[in-house]
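See structure below.
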Amino acid sequence: MGSIPAWARVYVACVVVAALAVVAPVTAIRTPWWAIALLAALYAGCEQITRCRFVGHRAPKGMGTFFPVLLAGAFLLPPPAAALVALPGALLSRVEQRPRRLRRIWRAAQLALGIWAASRVHWALGGRDAVVAPDFPYALWPAGLAVLAFCLVLTVLDGGILATAERVPVRTAWRGLFLRSLAPVTVHGLAGLMMAVLWRSPYGPVAALLVLLPMYVSCWVFAQYHRERAAHQATIRALVQAVDIKDGYTRGHSERVGQASMMIARELGMDDERAEVLRFAGILHDVGKLGVPTRLLRKDGPLTPDERRIIELHPEYGHEMVRGIGFLGEARSAILHHHERLDGSGYPYGLIGRQIPEFARVVAVADAFDAMTSTRSYRRARPVPVALEELERCSGAQFDPQMVTALVRALGRHGWHPAVTADEPPGSLPALRDGAQAPAAPLAGQWEGRRDTAGRRTS
């Protein structure tokens, strides 16, 4: 526990004491021990199965705990008894990060408090009688509020551990936790309510177990999607790292272009799936540089016409490299056409206006914006307002005015806070903040990979 901050250890101890306090009255009430034992064993088994190879090694984020059994316990048992259901499964669960014992104890105490709160709310609103009857749709009311109480307790405790153990700022520790957990836990709550109703029916606990089958199927499907998505991300990371290693001048540029492309996509109202593919397009737009000789990418002097033509082949190289990657979809056309210009003077095919795919027109703007606002070893970053002015000046000829306007609006609303920045060697010039002055240098008219007349790289 030496690596755990002292305040975090105190916080965990307080949560454990609170959990023991809510469980202690179980000896003073009429407790159906057989039901507690059955639900606890069932929950412990579910926790092991959701982490097996069949489901995907580990349940993905948001599915890390199988809540239907816990919430069924909250709907069936008195609060202290319901809190006991979570303890064996949490204490026996597999934990990868150290300290494992402390993490198990923390999770057990957290779940015990959450289920206790859910059960208290459910029983206080007459939920037990509604389940026994069963009385629908009234039974949904106390069950729904119980789920909200469960989510709220988990959110409060999670935010506290983030603030104390991981030193997340207090003002942001709880941000978004409740909303992210509400939807999946609500689905699990409905399954738990179905289990409770069937448990109290003439068919008994055996019928209640049938509810778990479709839940496991959905969990498996979700896990397969998660694994496929992780494989996609790993593929993209490997390609981007290869480009960054080969062309050190633009290290981090790909991720920032992906971020700017996503901002434009949001402003244009694209749905989440298309926006994600567009982000991939921005990240991979320069993957074709892997086919360009390294000596040209790192050449300090001016390019000859033949060398320039070789570098201008990188969109076609990139398109060939990603042609067989099905999940990229529209991103492939952006990789091929992101150096086209609206006036037809771009490359590789000299497309005009709307002949250029939408994704390519977005990436072209994001690419030029980051090239102008990134610091390189040979020049300072341009201030954001100066870069936007240049984009607007070139819109209609080089860039799509709609995409430029979308970027301007997005930056006006959210600002520019790139998640990844280029590596800066010692002695390089620092990036300037918005509104600062910088010496004159080529702007959007110089495309990435080209050089000005003095032989300097322009991005």
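Test residue 114 against the stated conditions and say whether it is without any contact (Cβ under 8 Å) to a residue 24 or more places away in the chain, under 30 Å from residue 6 (Cα atoms) and either in a helix (DSSP H, G or I) or not polar (S, T, N, Q) (or both). Against the criterion (without any contact (Cβ under 8 Å) to a residue 24 or more places away in the chain, under 30 Å from residue 6 (Cα atoms) and either in a helix (DSSP H, G or I) or not polar (S, T, N, Q) (or both)), residue 114 does not qualify. Scanning the range 313-344 for residues that are without any contact (Cβ under 8 Å) to a residue 12 or more places away in the chain and not charged (D, E, K, R) turns up 324, 326, 344.
Scanning the range 338-387 for residues that are more than 31 Å from the chain's Cα centre (by Cα) and closer than 26 Å to residue 319 by Cα yields a count of 16. Pairs linking a residue in the range 258-275 that is part of a helix (DSSP H, G or I) to a residue that is open to solvent by less than 30 Å² (accessible area, probe 1.4 Å) and aromatic (Phe, Trp, Tyr), with Cβ atoms under 8 Å and 6 or more positions apart or on different chains, are 258/280; 260/369.
The residue list 25, 68 contains one member that is modelled with pLDDT of 85 or more, open to solvent by 10 Å² or more (accessible area, probe 1.4 Å) and assigned to a helix (DSSP H, G or I), which is 25. The residues on offer are 350, 346, 324, and the sole one that is in contact with a His (Cβ under 6 Å, 6 or more places away or on another chain) and not in a helix (DSSP H, G or I) is 346. The residue of the range 287-337 that is modelled with the lowest pLDDT, among those that are open to solvent by 50 Å² or more (accessible area, probe 1.4 Å) and of a type in the set (A, V, I, L, M, F, W, C), is 327. Within the option set 393, 361, 309, being over 30 Å from residue 415 (Cβ atoms) and part of a helix (DSSP H, G or I) holds for one residue only, 309. Restricting attention to the range 149-171, the residues that are open to solvent by 40 Å² or more (accessible area, probe 1.4 Å), in a helix (DSSP H, G or I) and not aliphatic (A, V, I, L, M) add up to 2. When the range 87-113 is filtered for residues that are under 13 Å from residue 12 (Cα atoms), among the charged types (D, E, K, R) and open to solvent by less than 90 Å² (accessible area, probe 1.4 Å), the ones remaining, listed by number, are 104, 107.
Yes or no: the range 180-189 includes at least one residue that is within 19 Å of residue 201 (Cα to Cα) and either surrounded by fewer than 18 Cβ atoms within 10 Å (Cβ to Cβ) or in contact (Cβ under 8 Å) with a residue 12 or more places away in the chain (or both). For the range 180-189, residues within 19 Å of residue 201 (Cα to Cα) and either surrounded by fewer than 18 Cβ atoms within 10 Å (Cβ to Cβ) or in contact (Cβ under 8 Å) with a residue 12 or more places away in the chain (or both): present. For the range 5-39, residues that are touching a Gly at 6+ places or on another chain (Cβ under 7 Å) and more than 18 Å from residue 158 (Cβ to Cβ) total 1. Of all residues in the range 121-136, those that are under 10 Å from residue 197 (Cα atoms) have Cβ atoms under 8 Å from Cβ atoms of residues that are open to solvent by 80 Å² or more (accessible area, probe 1.4 Å) and among the hydroxyl-bearing types (Ser, Thr, Tyr), 6 or more apart or on another chain, in 130/138. Looking across 117, 74, one residue alone is modelled with pLDDT of 90 or more, under 17 Å from residue 194 (Cα atoms) and among the aliphatic types (A, V, I, L, M). It is 74.
Out of the range 380-422, which residues are among the hydroxyl-bearing types (Ser, Thr, Tyr) and out of contact with any strand residue (DSSP E or B) (no Cβ under 9 Å at 6 or more places or on another chain)?
Of everything in the range 380-422, those that are among the hydroxyl-bearing types (Ser, Thr, Tyr) and out of contact with any strand residue (DSSP E or B) (no Cβ under 9 Å at 6 or more places or on another chain) turn out to be 395, 421.
Selection of the range 117-148 for residues being over 35 Å from the mean Cα position of the chain (by Cα) and part of a helix (DSSP H, G or I) yields 123, 124, 127, 128, 129, 130, 131, 132.
Residues that are open to solvent by 50 Å² or more (accessible area, probe 1.4 Å), under 26 Å from residue 415 (Cα atoms) and either in a helix (DSSP H, G or I) or modelled with pLDDT of 85 or more (or both) within the range 211-257 comprise 237, 249, 255, listed in sequence order. Residue 253 meets the conditions (1) closer than 19 Å to residue 333 by Cα; (2) in contact with an Asp or Glu (Cβ under 7 Å, 6 or more places away or on another chain) in every case but one. The failed one is (1).
The values are calculated or read from the model by the stated rules, or taken from the named source; none is laboratory data. Quick caveat, the model's predicted, so the values are computed rather than measured. Backbone-built Cβ (ideal geometry, glycine too); neighbour counts: all protein chains shown. Each accessible area value is taken on the protein alone, full model and side chains, heavy atoms only, with ligands, DNA and RNA left out. Shrake-Rupley method; radii C 1.70, N 1.55, O 1.52, S 1.80 Å.
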